[in-house]
Amino acid sequence: MTDPVTAPEPAEHHTIDTSVPHSARIWNYWLGGKDNYPVDEEAGDAYTAVFPGIVTIARSSRAFLRRNITYLVSEAGIRQFLDVGTGLPTAQNTHEVAQGIAPEARIVYVDNDPMVLAHARALLYSTREGATAYIDADVTDPDRILAEASKTLDLDRPTGLILSNILGHVADLDQARSIVSRLMDALPSGSYLSVNDGSRGIDPVFEQAQDAYNSSGAVPYNLRTVDEITAFFDGLELIEPGVVSVTRWRPEPGTPTPEIVAEHGGLARKP
């Protein structure tokens, strides 16, 4: 196990390319963050000019993740999380939500973006009782992720695996499913999988904007059908209401029925 704050690996070999828009920085811009460059704002504004609803999707995705984590800590008793593809620090990060309920929670973040690495110290602020660590690794290298995560997490204990808006960056669906299977296979019974991604077949304007973004020079993000997103949970026990638009996953009691957005996700338990 590590100390509550674990330093990231040295970052001297990384460079930040500010000439090409990057999805993590654009997402940060849509969420109202400041960790982005003019090229990211331009790409983000060009996207919203075609599809203003992307800001709603981004913020609804973050709210979905918060509700997932709240359920996992408060109702499922999960005390450790592996958050792969975490992106740049924004409001209500996984460790802030989890440790706000259970200060002893332990969280490992995984990303391979140099700007995220540069901001890792802000992301690594943990409670004294818990721990938060950062791994510089790619989602396509699950073996490295698991090996490094085991230095902070006890992978013999139930763990919450978070894959929020990351699997869309894996173009091949079979490879994406293989990554999920490899990670979940390493976790014990009682662990949970949380996945949400942009969905195809819901909003043609969103799809038009995303296809244009993918051809802009930024790292492509592939929308998937609801059935394809649901397939990531094969062999697991989906928590009600299953795979739904992220706005419809256990909305706060007393709120009006939320609109359906083209971002679907779910939470499932490993039997």
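Sequence gap at least 6, Cα distance under 8 Å: using those rules, report the relative contact order of the chain to the nearest whole percent.
Values: 513 pairs, mean separation 53.1, N = 271.
It comes to 20 percent, rounded to a whole number.
Please check: in the Gaussian network model of the chain (C-alpha springs, under 10 Å), which one of PRO241, PRO21, PRO103 has the largest mean-square fluctuation.
PRO241
Report the gain in length on full extension from SER189 to THR140: 0.36 nm times residue separation, minus Cα-Cα distance, nm rounded to one decimal.
On the way: separation 49, 0.36 × 49 = 17.64 nm, distance 2.34 nm.
Full extension from SER189 to THR140 adds 15.3 nm.
Report, to the nearest whole %, how much of the accessible area of the chain belongs to carbon and sulfur atoms, 1.4 Å probe, protein only.
Details: 5820 of 11550 Å².
Carbon and sulfur together cover 50 percent of it.
Quick one, which of (i) 17.4, 50; (ii) 18.1, 61; (iii) 27.7, 111 is the actual Rg and Dmax of the Cα atoms in Å calculated for this model?
(i)
Before rounding to the nearest 500, sum -39500 (n - 2.57) across all DSSP H runs of length at least 4 in the chain and divide by the residue total; then give [θ] at 222 nm in deg cm²/dmol. If you can, show how the numbers build up before the last one.
On the way: 10 runs with 97 residues, N = 271.
When only DSSP H runs of four or more count, the value is -10500 deg cm²/dmol.
Quick one: if you stick a label point 7 Å off each Cα along the C-beta vector at GLU240 and SER216, how many nm between them?
Placing both labels 7 Å beyond Cα along the Cβ direction yields 4.1 nm.
Run the numbers for ALA147 and ALA46: contour at 0.36 nm per residue of separation, minus the present Cα-Cα distance, in nm. Let's see the in-between values first.
Details: separation 101, 0.36 × 101 = 36.36 nm, distance 3.99 nm.
Once the chain is fully extended between ALA147 and ALA46, it gains 32.4 nm.
Taking the Cα-to-Cβ direction at GLN208 and at GLU75 and moving 7 Å from each Cα, how far apart do the two end points lie in nm?
3.9 nm
Give, rounded to the nearest 20 debye, the magnitude of the charge dipole that the chain has about its Cα centre when Lys and Arg contribute +1 at Cβ and Asp and Glu contribute -1 at Cβ.
Details: 21 positive and 38 negative charges, 158 e Å.
Around 760 debye, computed over the chain.
Given a 1.4 angstrom probe, what's the average accessible area per residue across region 116-185, in square angstrom? Each step should come with its number before you reach the end.
Working: 3020 Å² over 70 residues.
Value returned for region 116-185: 43 Å² of accessible area per residue.
The values are calculated or read from the model by the stated rules, or taken from the named source; none is laboratory data. This structure is a prediction, so every number in the text was calculated from the model and none was measured. Cβ coordinates were reconstructed from backbone atoms using ideal geometry, including for glycine residues, and neighbour counts include every protein chain displayed. Calculation scope for accessible area: heavy atoms of the full protein, side chains included, ligands and nucleic acids excluded. Shrake-Rupley method; radii C 1.70, N 1.55, O 1.52, S 1.80 Å.
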